[in-house]
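Below is one structure, written out as structure tokens; comments come after it.
The values are calculated or read from the model by the stated rules, or taken from the named source; none is laboratory data. Quick caveat, the model's predicted, so the values are computed rather than measured. Neighbour counts run over all protein chains shown; Cβ positions are idealised from the backbone, glycine included.
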Ligand code: BT5
């Protein structure tokens, strides 16, 4: 049985095109994800709310979904632009049996699932920009934000947050992202049924998460590498305390980015932003 909790603090009747959640839940047939769906017309951040639920003991697989976010967030206090009714913003509570050092694998697992879903809607696979961006034609279509809560030797929970631009016209994007972002609408020139995309994505996430839990990271890592757009390219990696220039080599089994610097040393990057260098 699947449970749907709808937050009625907002007047849902005002919404022109709300998600038809029953269409999402009908035939979802997932093993771990989506047994309970918390739906909001508007929220500050689905990740923030999912974290509160997880701290209060919510089960693995519960999903928080909102039509709009007022404080959607990216990494490093950056924001995620989240206008109403056109896109998807959701967070999944996971309780993986992984060591804390392996938590980054979940970001990469989500990227692989997103590639599969997006490819099924646009016909060609997108590329992945380490660690968490899904790009088409070099423009950002989706982002993943994973936030973990850990003890010294185990993960208590991970909040896996995903934002995807669906029926979002590039012309109505704010200036700060307009040149660098895209949407399914902009790529296909058609509005898509958001319910169908969401259902497919939850299924792909469920499948990839199951694969990670049951078979480990190796086969997901190989698939991730196929879509990694910067392999063997010259890159600049910006970290909090330094910048490295070198050649991107791929990822290791913990999901860290491997870059060979200009002294021939292999550098292992666990957090940062990677950019292609113009030759
Ligand atoms: C990310 O961060 O890409 C992770 C985004 C995760 C958003 C989801 S939405 C549901 C859940 N709840 C949340 O509060 N967050 C998650 P990062 O790599 O730091 O990229 C952030 C950057 O992407 C911004 O600084 C902008 O340049 C750009 N950006 C912001 N909004 C965008 C959008 N709608 N489409 C494309 N790019 C965007």
Task: Single condition residue 114 does not satisfy, out of (1) surrounded by 15 or more Cβ atoms within 10 Å (Cβ to Cβ); (2) more than 10 Å from the ligand (Cβ to nearest atom); (3) outside any helix (DSSP H, G or I) - done: (3)
- [ ] Please go through segment 60-96 and pick out each residue that is within 11 Å of the ligand (Cβ to nearest atom), buried (at least 19 other Cβ atoms within 10 Å of the Cβ) and in a loop (DSSP other than H, G, I, E, B).
- [x] 72, 80, 82, 86, 87
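What number of residues within segment 46-59 satisfy the criterion of being in contact with a strand residue (DSSP E or B) (Cβ under 9 Å, 6 or more places away or on another chain) and more than 14 Å from the ligand (Cβ to nearest atom)?
Start the filter on segment 46-59 by keeping residues that are in contact with a strand residue (DSSP E or B) (Cβ under 9 Å, 6 or more places away or on another chain), which leaves 46-51, 53-55, 58-59.
Retained after the next criterion (residues that are more than 14 Å from the ligand (Cβ to nearest atom)): 55, 58-59.
Final tally of qualifying residues: 3.
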- [ ] Could you check how many residues of segment 77-118 are without any contact (Cβ under 8 Å) to a residue 60 or more places away in the chain and under 15 Å from residue 161 (Cβ atoms)?
- [x] 4
Task: Exclusive hit being within 22 Å of the chain's Cα centre (by Cα) and at pLDDT 90 or above, set 193, 260 - done: 193
- [ ] State whether the residues of segment 25-45 include one that is within 16 Å of the chain's Cα centre (by Cα), buried (at least 20 other Cβ atoms within 10 Å of the Cβ) and within 11 Å of the ligand (Cβ to nearest atom).
- [x] yes
TODO: Take segment 222-255 and flag every residue that is crowded, with 17+ Cβ neighbours inside 10 Å, in contact with a helix residue (DSSP H, G or I) (Cβ under 7 Å, 6 or more places away or on another chain) and in a loop (DSSP other than H, G, I, E, B).
DONE: 255
Open item on the list: Cβ-Cβ distance below 8 Å, separation of 6 or more or different chains: which pairs start in segment 119-148 with a residue that is touching a residue at least 40 places away in the same chain (Cβ under 8 Å) and under 20 Å from residue 90 (Cα atoms) and end on one that is within 8 Å of the ligand (Cβ to nearest atom) and part of a helix (DSSP H, G or I)?
Closed with: 140/177; 145/47; 147/47
- [ ] Report whether or not residue 117 is within 29 Å of residue 26 (Cβ to Cβ) and more than 17 Å from the chain's Cα centre (by Cα).
- [x] no
TODO: Working carefully through the options 186, 149, find the one that is in contact with a strand residue (DSSP E or B) (Cβ under 8 Å, 6 or more places away or on another chain) and more than 10 Å from the ligand (Cβ to nearest atom).
DONE: 149
Open item on the list: When you check residue 123 against the structure, is it within 14 Å of the ligand (Cβ to nearest atom), at positive phi and out of contact with any strand residue (DSSP E or B) (no Cβ under 7 Å at 6 or more places or on another chain), yes or no?
Closed with: no
Open item on the list: So in segment 133-142, with the set limited to residues that are within 16 Å of residue 74 (Cβ to Cβ) and surrounded by fewer than 23 Cβ atoms within 10 Å (Cβ to Cβ), which one is nearest to the ligand (Cβ to nearest atom)?
Closed with: 140
TODO: State all residues of segment 256-269 that are assigned to a loop (DSSP other than H, G, I, E, B) and closer than 21 Å to residue 114 by Cα; if no residue qualifies, say none.
DONE: 256
Open item on the list: For segment 152-182, which positions are touching a strand residue (DSSP E or B) at 6+ places or on another chain (Cβ under 7 Å) and within 26 Å of residue 62 (Cα to Cα)?
Closed with: 155, 156, 157, 158, 159, 160, 161, 162, 163, 164, 165, 166
